[in-house]
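A short reminder: the numbers here are calculations on the coordinates, not readings from a lab. Remember, it's a predicted structure, so these values are computed and weren't measured experimentally. Here the Cβ positions follow ideal geometry from the backbone for every residue, glycine too, while neighbour counts run over all protein chains shown.
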């Protein structure tokens, strides 16, 4: 039941960002901050559990909910000043989560490389969006919204698709066998499809003003 609620919440939040990001940019930054706070807290819990530290439910709630609230409020209050940091953190987690297995190395190095790569890409994108015009804000919010939608739906969709040997073959051919049991390619398709649709919708709606 909790997973269904989270998936529905991700779809709603992602759709708002993807299709209305430009008109609600400040609010969208707060939403992104909240999502990043929650994801960051979940990431900490995941690392703790991998190290053999079982966390009680109340601790998991505090570690995920408190950063989500703090980052949401800070993002809304700081507005554009928070944009670059949020973009860097978002891309860092995105690259690590979906494409970390494609990077060489082992242990801490394997985790550090995708995190740093995503962080650098995010910093560059954040600076571009900060100083750019309307269309880049539309692109940024469409992409972030599409990524949130993918985060909520890709694992479930991939569980349905991977029963088909052709789906496994296509993913292995494009990304290699290291990501066979992850929804990396499914997430990629969702991001491209929703990101493109969101960008078109936002650019058209902004022209009407």
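Overview of results
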| quantity | calculated |
| --- | --- |
| Full-stretch length increase - residue 102, residue 172 - with 0.36 nm per residue and alpha-carbon distance subtracted | 24.0 nm |
| Gain upon complete extension [residue 15, residue 81; 0.36 nm per residue less C-alpha separation] | 21.4 nm |
| Exposure proxy order (Cβ contacts within 10 Å, fewest to most) of 26, 147, 60 | 26, 60, 147 |
| Relative contact order of the range 2-207, pairs being alpha-carbon contacts under 8 Å that are 6 or more residues apart, as % | 29 |
| Matching label, Cα extents along the principal axes in Å computed from the structure shown, candidates [x] 56, 37, 33; [y] 49, 41, 36; [z] 53, 41, 33 | [y] |
| Spin-label pair residue 109/residue 192, simplified geometry with 7 Å Cα→Cβ offset, distance in nm | 3.2 |
| Simple label model, 7 Å out from Cα along Cβ direction - residue 121 to residue 51, nm | 2.8 |
| Residue 205 paired with residue 164, simple spin-label distance in nm, labels 7 Å along Cα-to-beta-carbon | 3.1 |
